[in-house]
Amino acid sequence: MPHRAAGPARSSHPPFLTGKPIRYYRPKGSPDVRILIDEGSQAFNAGRLSEACHIFTEKMLADDRETTIGLTVAGAMTPAGLGGCVIELMDRGLVDFIISTGANLYHDLHYALNFTLRRGSPFVDDRELYAEGIIRIYDVLFPASVLLETDAYIRDFIARSGLDQPVSTAEFHYRLGRDLLNQHPGCEEHSVVAHAAKSGVPIYTSSPGDSSIGMNIAYHELMNGGRLLLNPNKDVNEVCAIVLAGTRNGCVILGGGSPKNFYLQAQPTLWEVYGIPKGGNDYFIQITTDQVVWGGLSGATPAEAVSWGKVNPAVLPDTVVAYCDSTIAFPLFCEYAVASPNGRRKRKELVHKRDELVASLTREAKIAREKLELKAQS
């Protein structure tokens, strides 16, 4: 393949980049969507989406439940404009922490930096796109320069951040979000990462090396001798501490993959490794196109998760899987939630409480270990 020189895409590609710009869609709480889901979504996966909406709004968001809610995000959600739904949930306190693929957070930065992604076609000739310097994510198209300039911003941020030690991904993303707010005022309305920093919502990445953000951190180590590391041990312990502190715990899972398991593994980590029997998640909502018959984690059902201690066996009626494309179902789910009587909660701002929560986890884990040692001696 010929080498493609760095820099902006050529100006000779009007047919490819003439589609409408993709904007972050912010749900407004449509009463018509609530009627559609309550009255029209009656069976099959429409029924499961309706069930998910009711579990979320009537149980997970109820004040007396005090549920700590995690959102996991897999699949190309931010390139498709779904970051606005996440922003609205965070703004309203309907999501307390997030676990995402690094790619979703990287592509979110394009919106913060005011680059344009456009609607296109999945049936174009990719050889022509390559020659023109255009990137394709199914039917989302944008110039290669968007990647290069976003990479440059990440490297500049790392250099000016002063980060030179192992940190959790939540700490890194919080610092990144604060930098976006300082460098690009107002971008929190167009960026999940920036809005999370403003709202105090911690964002974790289960596979930090598997994205362009991780690639640029690797560059910083190789080329600048930087000692910044994204420490997965810190992530595991922080997520466990957040789950342990929750009166009740529930999740909304988009897609599946590594973010799904990274959230769900907190419960087995507590009982299996630290000897703290939390009891499993109280609520489980998943929107996915994967199925259980393939044996992968993405399609694993809440019932299967019971055997691992990931889901409380007594609450299976409060779990549901809607088999649907998240780009279809998630905006409807969010419209329903925003319009519900429980459509706003006080934000927990967990990003500022991580050290305190980990200290509590440490104390309880040491007590559990001492009890186990005494039992072994008796």
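Points to keep in mind about this one:
- The one condition in (1) under 15 Å from H107 (Cα atoms); (2) modelled with pLDDT of 95 or more that E221 fails to fulfil: (1)
- The single condition among (1) assigned to a loop (DSSP other than H, G, I, E, B); (2) of a type outside the set (K, R); (3) modelled with pLDDT of 95 or more that P15 does not meet is (3).
- Which numbered condition T78 fails, given (1) surrounded by fewer than 24 Cβ atoms within 10 Å (Cβ to Cβ); (2) under 18 Å from the mean Cα position of the chain (by Cα): (1)
- Whenever a residue of segment 88-102 is in contact (Cβ under 8 Å) with a residue 60 or more places away in the chain and open to solvent by less than 10 Å² (accessible area, probe 1.4 Å), its partners that are in a strand (DSSP E or B) and among the small types (G, A, S), lying with C-beta atoms within less than 7 angstrom and at least six residues away or across chains, give the pairs D96/G70; F97/G70; I99/G70.
- For segment 27-63, the set of residues classified as small (G, A, S) and assigned to a helix (DSSP H, G or I) consists of G40, A46, G47, S50, A52, listed by residue number.
- Counting only strands (runs of 3 or more DSSP E) that sit wholly inside segment 112-220, those with at least 2 residues that are open to solvent by 10 Å² or more (accessible area, probe 1.4 Å) and among the hydrophobic types (A, V, I, L, M, F, W, C) are 134-137.
The values are calculated or read from the model by the stated rules, or taken from the named source; none is laboratory data. Treat the numbers as computed from the prediction; the structure is a model and nothing was measured. Note that each Cβ is placed from the backbone with ideal geometry, even for glycine, and that neighbours are counted across all protein chains shown. Just the protein is used for accessible areas: all its heavy atoms, side chains included, with ligands, DNA and RNA removed. Shrake-Rupley method; radii C 1.70, N 1.55, O 1.52, S 1.80 Å.
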